[in-house]
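Only one structure is covered here, and it is reproduced in the block below.
The values are calculated or read from the model by the stated rules, or taken from the named source; none is laboratory data. From a predicted model like this one, the values you see are computed outputs, not experimental measurements. Cβ placement follows ideal geometry from the backbone for every residue including glycine, while neighbour counts extend to all protein chains displayed. What goes into the accessible areas is simple: the full protein's heavy atoms, side chains included, and nothing from ligands, DNA or RNA. Shrake-Rupley method; radii C 1.70, N 1.55, O 1.52, S 1.80 Å.
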Amino acid sequence: MEWLALGIYLTGAITALGVRSWQQYRATGDSGHRHGQVPTGSAAWWARVLFAGALLLFTAALTLTATGALPMIATLEGPASWTVGLLVTLVGFAVVLTAQQTMGASWRIGVDETERTDLVVRGMFTLVRNPIFTGMITATAGLTLMAPSWLQLGALACLVTGIELQVRVVEEPYLARTHGAAYSAYTSRVGRFLPRVGRGHLDHAPSGD
């Protein structure tokens, strides 16, 4: 069962990051990756470090658990936890992939301050502003139920913290500056990660058109 968790994780990560980037390049001639320099120690820098660290920790935790080198948390083990975890994981990855496709040419990893992409407010984006991140957290929470370990919990904490920083400090201010009143209106009616939760909460006031 632990090997299945590792296989699902690797398949999901490769599909969401690698395959999606390849699709983007084929469709637009651009991979969608934006990884400009950010000041070392800044919130944006920490967002990158935590996100990358989380991916490595998930890989390590699931591999060590599958090989038996890392014990699972006994109180969280069991058929019920594994079954629920599997369902949650599959739903999470489905949300990620569906939301990525919905973004179309506007899909990006990272932010280019000089670039203006369309504000996507259709599909899952009518329910939450960041469905890709919601799906990622959901999927990795499910994996944690499938193969629970302290290292896996640490990876999940890194991911959630990194996503919170990326959204609040990098992406939302950029979208507010780029789309102005349109983005402000969008945030007033749509929650950040969950429906109706976190509406209208921006760290920087919007400006522009």
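Data table
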quantity	calculated
Given (1) out of contact with any Gly (no Cβ under 8 Å at 6 or more places or on another chain); (2) assigned to a helix (DSSP H, G or I); (3) surrounded by fewer than 21 Cβ atoms within 10 Å (Cβ to Cβ); (4) not aromatic (F, W, Y), index of the condition S188 fails	(1)
Sole exception among (1) open to solvent by 70 Å² or more (accessible area, probe 1.4 Å); (2) touching a Gly at 6+ places or on another chain (Cβ under 6 Å); (3) without any contact (Cβ under 8 Å) to a residue 40 or more places away in the chain for T102, by number	(1)
Which listed residue, of T63, T15, T40, T11, is in a helix (DSSP H, G or I) and free of Cβ contacts under 8 Å to residues at least 24 places away in the same chain	T11
Selection status of L56, crowded, with 17+ Cβ neighbours inside 10 Å, within 20 Å of V160 (Cβ to Cβ) and not basic (K, R)	no
Within the stretch 145-158, tally of residues that are over 23 Å from S42 (Cα atoms) and open to solvent by 10 Å² or more (accessible area, probe 1.4 Å)	4
Checking R129 against (1) of a type outside the set (S, T, Y); (2) touching a helix residue (DSSP H, G or I) at 6+ places or on another chain (Cβ under 6 Å); (3) under 14 Å from R192 (Cα atoms), the condition it does not meet	(2)
Residue match in the stretch 109-131 (condition: surrounded by fewer than 20 Cβ atoms within 10 Å (Cβ to Cβ), closer than 24 Å to L50 by Cβ and in contact with a strand residue (DSSP E or B) (Cβ under 9 Å, 6 or more places away or on another chain))	yes
Residues being open to solvent by 50 Å² or more (accessible area, probe 1.4 Å) and of a type in the set (A, V, I, L, M) - total across the stretch 9-51	6
Test: residue in the stretch 108-121 that is part of a loop (DSSP other than H, G, I, E, B), of a type in the set (S, T, N, Q) and more than 22 Å from V91 (Cβ to Cβ)	yes
Hits in the stretch 159-178 (condition: surrounded by fewer than 20 Cβ atoms within 10 Å (Cβ to Cβ) and touching a Leu at 6+ places or on another chain (Cβ under 6 Å))	T161
Test: V91 is under 14 Å from the mean Cα position of the chain (by Cα), of a type outside the set (G, A, S) and open to solvent by 50 Å² or more (accessible area, probe 1.4 Å)	yes
Filter result (touching an Asp or Glu at 6+ places or on another chain (Cβ under 8 Å) and under 19 Å from W3 (Cα atoms)) within the stretch 139-186	M146, A147, P148
